[in-house]
Amino acid sequence: MMKKLFVLLLLSLLVFSGCHGKKGVPDDGETFHVDTGSFNEEKNYEITFWAKNDTNVAQTAIYEKAIADFEELYPNITVKYKPYTDYRRIYNDVITNIATDTTPNVCITYPDHIATYITGGDTVVPLDALMADENYGLGGKKLRFVSPQKHEIVEKFLQEGKISGTQYALPFMRSTEACYINKTFVEKLGFEIPENLTWDFVWDVSEAAMQKDDNGNFAVNGQKVMIPFIYKSTDNMMIQMLYQQSAPYASENGEVLVFNDYTKQILMDVATHAHSRAFSTFKISSYPANFLNAGQCIFAVDSTAGATWMGKDAPNCDISEDNIVDFETVIMPVPQYDTENPKMISQGPSVCVFNKEDDGEVVAAWLFTQFLLTNDVQIAYSQTEGYVPVTHMAQNSSEYSDYISREGEDNDLYYDIKIKAAKLLSENTDNTFTTPVFNGSADLRSAAGEMIEIVTKSVRRGQTVNEKFIEGVFDEASSLYRLESIEPGLSSPKKADFGPLPTGAKALIISLVSVWIILIVYAVASSKKRR
Amino acid sequence: MKKFLSLILALLMCVFAFVACVADVDVDENASDANLEADEVEEGEADVEAEPEEKVMTHAEYVAAALDDDVVVDAYVQGKQSWWDNKATVYLQDEEGAYFAYEMACSEEDYALLEKGTHIKVKGYKAEWSGEVEIVDATFEIIEGNFVAEAVDATAWLGTDELIKHQNELVSFKGMTVENISFKNDQPGDDIYVTLSKDGVNYEFCVEFYLTGTETEVYQTVSALEQGDVVDVEGFLYWYEGPNTHITSIAVAE
């Protein structure tokens, strides 16, 4: 009997010797489970936090204060902060660190990026169960701070962190894009800013601004430089132009639909105005704010989270004071095709938790993640730029209401353009949208913007942009971002394609089969002997 | 017999579990080899489809070219700023002047071949970004020759129109007074913004961490500077809304 047991035990070991995943849990989001009971309030944990700021040291200071406050509440948890100023850099570093199993614990990111992270398996922690945990969940009994309950997070923003029905990210801050306008120049050119900004209006004014005087200077500003319309994120420009026309971009399950006639027409329009040099982009020319403040741009489209750089009195500025001109700044939603049905993108940082061997460490990271949604952090961070807090708790607080009501009291905390930017999003939250999230959606975004960049550069370089050329741009963008490798229907979490079975796995299967054969032969032989 | 069978099974389990782990490593190595082979094939094809020689511009012709014109120059690598996503950013210079090649198409292997003094021919487009004139969307090839530039003392050109004529060159500024040091993220680990003055006028400099790294002597020395220190600096005369030299070495006056 003992011998039989021994053989069975060996077999069991053999079967499980091939399993080496973290915690031995399945890698699909539905059955992933973090044992919150593993969190030991007496044990020391060190967690890493990778966060993006908008090249704004005030934001760094707020992260540092949040960490200090959190560590005071939880002396057993140390948070190591690594600052970034670029989402793409975080994305690349995370991808690199997934391979070496050295991901951060908590990371500011975009859902598009998470969709790629989770293709590697159980890399990112699904938050649904953690959010609902009675002790350490949102509003949990054992929390040492006042965390928002689930219904206190703006539902629309919360939904943006869901991938295939699983909550992988919490919103941290929300922004949208806005058009910062030199009203003085618009009126000097004989136009009046309409109640609702349209693409036609922006193009018309921009072309009018290209007139030069007898000295070769631009008539509107008397300078040698004038780029009337500069767009910071051409990814967003293309996406919003398509969504505003209800044109195809991508399906919910990852079908790439961006290469269509609407896109062609948008690119033809861009080519027309790039040819006259009335339009340019951040990548080609530089920050829209620098040109706006120097009186060399009339329509600067940038994030509401860039509001502190916009306007002659902006608290942040990269150009020398003697290059700043006097003008009136107006902030409006991005230009629209259909003013009755405005659409603008919802963006801004989200936060996710990475999986670790120790569930207690994951819970420690989750606690810090929740702490980022507390009023102190939310309100302070939202005041650094034209951000909106993501919780009703913060938005409805007297402190935030007081802040919003003091628009223009100074050119620092109460800088009017910044507070107007936040109001713009609050008033238009129902008009915001996000694009489908799937493995490859980040590349699709980049490809959408790249098409505008390619067309703009090509026209400037004297190339003819026609339908045939744009077909070539479609191919180039698709190839550059490997869009053909996106598999529709495998909306994340998608299992990674690991290619052919490795030699080791094959050897393991062969060994299993061999052992079973030996066992069966032995059993048959024994049976015959007994007879 | 039963004991023997049990032992055989136990042995088989150990051997195959070990083979499984080792074999996984082998697979990765094979994958790398496959990539290398693919690169070699691509290089071979490029040789077959070699294009006719383009006329290489003099520095004066490059300066005279309009923005967005296609340009072909040959010059020597003086500083490697970054490689990322198969794109390399480098400072180039020859006896006539300097160039900044921004995000040239470049494999990681080719980037490793670029050293200070390496002679390369660059084909791309002339562009300007916040005052910095650069070559973008470029490709390059390594050619014969080697040249390492000496830093030119540009102190006397501060505040004059002469300075921009030396854009991107390796230059030095002597006897500068430290006015302000600030870190990009308010802490070490990224760029350091440096304000230095001469004769009461402030000038902006930067320790670009992609260019220098954070563990270098220059990064550490600049991090420790205090207002009022007097320094000699050397670096590439980059431009961002005005001169913004990327410091590559620094000496603090005794």
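The values are calculated or read from the model by the stated rules, or taken from the named source; none is laboratory data. Computed from a predicted structure; not experimentally measured. All Cβ positions, even for glycine, are placed from backbone atoms using ideal geometry, and neighbour counts span all protein chains on display.
Taken together, the criteria place A:Leu519 among residues that are modelled with pLDDT under 95, within 14 Å of chain B (Cβ to nearest Cβ), part of a helix (DSSP H, G or I) and surrounded by fewer than 18 Cβ atoms within 10 Å (Cβ to Cβ).
Applying the criterion of at least 1 residues that are basic (Lys, Arg), surrounded by 15 or more Cβ atoms within 10 Å (Cβ to Cβ) and modelled with pLDDT of 95 or more to the strands (runs of 3 or more DSSP E) found wholly in the range B:165-247 leaves B:170-183, B:192-198.
Part of a loop (DSSP other than H, G, I, E, B) and closer than 25 Å to A:Val330 by Cβ: does that describe A:Glu385? Answer is yes for this residue.
For the range A:82-97, the condition holds for at least one residue, the condition being that it is part of a loop (DSSP other than H, G, I, E, B) and without any contact (Cβ under 8 Å) to a residue 40 or more places away in the chain. A:Ile298 - would you say it is closer than 20 Å to A:Gln223 by Cβ, in the same structural domain as A:Glu450 (by TED's automatic domain parsing) and touching a Gly at 6+ places or on another chain (Cβ under 9 Å)? Judged against the criteria, A:Ile298 is not a match.
Among the residues that make up the range A:270-286, is at least one of them in a loop (DSSP other than H, G, I, E, B) and touching a Ser or Thr at 6+ places or on another chain (Cβ under 7 Å)? Within the range A:270-286, one or more residues are in a loop (DSSP other than H, G, I, E, B) and touching a Ser or Thr at 6+ places or on another chain (Cβ under 7 Å). Among the residues of the range A:35-81, those that are of a type in the set (Phe, Trp, Tyr) and outside any strand (DSSP E or B) comprise A:Phe39, A:Tyr63, A:Phe70, A:Tyr74.
Within the range A:133-155, residues that are more than 19 Å from A:Ala66 (Cα to Cα) and in contact (Cβ under 8 Å) with a residue 24 or more places away in the chain have Cβ atoms under 8 Å from residues that are exposed (fewer than 12 other Cβ atoms within 10 Å of the Cβ) and of a type in the set (Val, Ile, Thr) in no pair, counting only partners at least 6 apart in sequence or on another chain. All of (1) of a type in the set (A, V, I, L, M); (2) in the same structural domain as A:Gly120 (by TED's automatic domain parsing); (3) part of a helix (DSSP H, G or I) hold for A:Ala422 with one exception: (2). Residue count for the range A:298-342, restricted to those that are outside any loop (DSSP other than H, G, I, E, B) and either within 14 Å of chain B (Cβ to nearest Cβ) or over 24 Å from A:Trp203 (Cα atoms) (or both): 6. Restricting A:Thr55, A:Thr109, A:Thr96, A:Thr100 to those that are under 20 Å from A:Val437 (Cβ atoms), modelled with pLDDT under 95, outside the structural domain of A:Tyr287 (by TED's automatic domain parsing) and among the polar types (S, T, N, Q) reduces the list to A:Thr109.
Restricting attention to the range B:112-138, the residues that are under 30 Å from A:Lys232 (Cα atoms), among the small types (Gly, Ala, Ser) and either surrounded by 20 or more Cβ atoms within 10 Å (Cβ to Cβ) or within 15 Å of the chain's Cα centre (by Cα) (or both) total 3. Entry remark, the range A:402-422: residues being in contact with an Asp or Glu (Cβ under 9 Å, 6 or more places away or on another chain) and crowded, with 16+ Cβ neighbours inside 10 Å number 10 in total. Could you please let me know if A:Tyr63 is touching a strand residue (DSSP E or B) at 6+ places or on another chain (Cβ under 9 Å), at pLDDT 95 or above and within 14 Å of chain B (Cβ to nearest Cβ)? So A:Tyr63 fits the description; yes. Within the range A:245-264, residues that are farther than 21 Å from A:Thr198 by Cα reach partners that are among the basic types (Lys, Arg) and modelled with pLDDT under 95 with beta carbons closer than 9 Å, at six or more positions or on different chains, in the pairs A:Gly254/A:Lys494. Taken over the range A:147-178, the criterion of being closer than 17 Å to A:His113 by Cα and among the charged types (D, E, K, R) is satisfied by A:Glu160, A:Lys162, A:Arg174. When A:Val459, A:Val437, A:Val465, A:Val473 are checked against the criterion of being modelled with pLDDT of 95 or more and within 30 Å of A:Ile95 (Cβ to Cβ), A:Val473 stands alone in meeting it. Within the range A:445-464, the residues that satisfy the criterion of being within 14 Å of chain B (Cβ to nearest Cβ) and either touching a residue at least 60 places away in the same chain (Cβ under 8 Å) or not β-branched (Val, Ile, Thr) (or both) are A:Ser446, A:Glu450, A:Glu453, A:Val455, A:Thr456, A:Lys457, A:Ser458, A:Val459, A:Arg460, A:Arg461, A:Gly462, A:Gln463. Of all residues in the range A:431-464, those that are assigned to a loop (DSSP other than H, G, I, E, B) and surrounded by fewer than 21 Cβ atoms within 10 Å (Cβ to Cβ) total 6.
The condition (being surrounded by fewer than 21 Cβ atoms within 10 Å (Cβ to Cβ), touching a helix residue (DSSP H, G or I) at 6+ places or on another chain (Cβ under 9 Å) and either assigned to a helix (DSSP H, G or I) or not small (Gly, Ala, Ser) (or both)) is satisfied by just one residue among A:Ile193, A:Ile181, A:Ile227: A:Ile193.
No other residue among A:Asn290, A:Asn236 is crowded, with 17+ Cβ neighbours inside 10 Å, without any contact (Cβ under 8 Å) to a residue 40 or more places away in the chain and at negative phi apart from A:Asn290. The conditions of being farther than 22 Å from B:His246 by Cβ, surrounded by fewer than 18 Cβ atoms within 10 Å (Cβ to Cβ) and acidic (Asp, Glu) are met by B:Glu109.
Residues of the range B:129-140 that are over 15 Å from B:Met104 (Cα atoms), in a strand (DSSP E or B) and touching a residue at least 60 places away in the same chain (Cβ under 8 Å): B:Glu132 alone.
Yes or no, residue by residue, for (1) polar (S, T, N, Q); (2) closer than 22 Å to A:Leu127 by Cβ:
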| site | (1), (2) |
| --- | --- |
| A:Ala68 | no, no |
| A:Tyr87 | no, yes |
| A:Thr96 | yes, no |
| A:Cys107 | no, yes |
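Entry remark, the range A:143-167: residues being closer than 22 Å to A:Glu252 by Cβ and out of contact with any Lys or Arg (no Cβ under 7 Å at 6 or more places or on another chain) number 13 in total.
Scanning the range A:132-157 for residues that are surrounded by fewer than 20 Cβ atoms within 10 Å (Cβ to Cβ), among the hydrophobic types (A, V, I, L, M, F, W, C) and not in a loop (DSSP other than H, G, I, E, B) turns up just one, A:Ala132.
Here A:Pro104 passes the criteria (1) part of a loop (DSSP other than H, G, I, E, B); (2) without any contact (Cβ under 8 Å) to a residue 60 or more places away in the chain except the one numbered (2). Of all residues in the range A:353-401, how many are within 22 Å of the chain's Cα centre (by Cα), surrounded by fewer than 20 Cβ atoms within 10 Å (Cβ to Cβ) and hydroxyl-bearing (Ser, Thr, Tyr)? Going through the range A:353-401 one residue at a time, the tally reaches 0.
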